[in-house]
1. Loop-only check: which chymotrypsin sites (Phe, Trp or Tyr not before Pro) in the range 91-137 are DSSP coil with at most 12 other Cβ within 10 angstrom?
2. If you plug each phi of the range 261-268 into the Karplus form 6.51 cos²θ - 1.76 cosθ + 1.60 with θ = phi - 60°, what whole-Hz ³J(HN,Hα) values come out, in order, with x for Gly and Pro?
3. Considering Cα pairs under 8 angstrom that are at least six residues apart, work out the relative contact order of the chain and quote it in whole percent.
4. Evaluate the chain: find the radius of gyration of its Cα atoms, find its Kirkwood radius, and give the ratio Rg to Rh.
5. Quick one: Karplus J couplings for the range 60-76, per residue in order, coefficients 6.51, -1.76, 1.60, θ = phi - 60°, nearest Hz, x for Gly and Pro?
6. Which longest run of the chain has no exposed loop site in it, a site being GluC sites (Glu not before Pro) in a DSSP loop with at most 14 other beta carbons within 10 Å, and the site itself not part of the run?
7. Determine the sum of side-chain charges near G224: Lys and Arg each +1, Asp and Glu each -1, restricted to other residues whose C-beta is under 14 angstrom from that of G224.
8. Within the chain, which is the longest segment that contains none of the trypsin sites (Lys or Arg not before Pro) sitting in a DSSP loop with at most 12 other Cβ atoms within 10 Å?
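Please treat every number below as a calculation from the coordinates, not as lab data. What you are looking at is a predicted structure, and each value in this text was computed from that prediction instead of being measured. Here the Cβ is made from the backbone with ideal geometry for all residues, glycine too, and neighbour counts use every protein chain on show.
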Amino acid sequence: MDTADAFAPSIPNRPNPKRRDLALRISVPFAVIAVVVLIWGLYVKLSGVPPYILPGPIAVANAFATDWGTLAPALWVTTKITFMSLMLALFGGVGFAIFLVQSRWIEIAFYPLAVILQVTPIVAISPLILIYAPSTQVALLICAFLVAFFPILSNMVQGLKSVDHNLINLFELYGATRWQTLLYLKLPAAQPYFMTGLRIGGGLALIAAVVAEFAAGSAGAGSGLAFRLLEAQYRLNIPRLFAALLMLSLLGVAIFAVTSFISWLSLHRWHESSLKREN
């Protein structure tokens, strides 16, 4: 070993900035949630508020564990309706968006129909859907589909119409057909808009599924978490009500996480919204 190397000062290993950023992004939200739960528990304990008005975190956790056999099947029903309606909204929204952008007159003729469906409150039309649908589950699926459909349609139309006209002219110059231009240019260019619609539609599908079940008033073994919320409210079983709300919140967070991860997988290699800046 060289004498100069032996007496050279050792440089400590610096932490990886990416790992530190990831650790902060995970730990900070959990720390905030922990503080909120701690304040909630202290308030319930110090104020002496009865559990049928505001249960503490321990009571909610006990209800979550003891009523799991009742709440888990309802969670599965709500999850199934949410994802089925989201899949239908994805195929329907993308397909209808492709149809609308084929002609300016087609868009003028049919886009207002989608706007009318969007601005009409789902609670107002759910009784009609319940009358004409063959079953309650189909009615819930239709209600959730109608709410999740428009964000995907609107973002997809905007993305298909935002393609660089110079690139469209280049495709025309090389003799590309309309479907080749759609497949190799417009759809890839509209991908960021589609991912935005997917994230919005995922959350709205869950909200619509719960609201539709409230309106339908469905009960029994095949009912979702909305019925369990109403049941707990009528029986003044507030810890179970909070446990059902916690399940809905966790389901919504999971849907957002999955859709965000899909968006990151699709865009992180090439789109500016997912690329990290070096400075």
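1. Sparse-neighbourhood loop chymotrypsin sites (Phe, Trp or Tyr not before Pro): none present.
2. Here the 3J(HN,Hα) series is 5, 4, 4, 5, 4, 7, 10, 5 Hz.
3. On the way: 268 pairs, mean separation 68.1, N = 279.
Reported relative contact order: 24 percent.
4. 1.12
5. My calculation for the range 60-76 gives 5, 5, 5, 5, 4, 7, 6, 9, 4, x, 8, 7, 4, x, 5, 4, 5 Hz in order.
6. 1-271
7. 0
8. So the longest stretch without any such site is 1-234.
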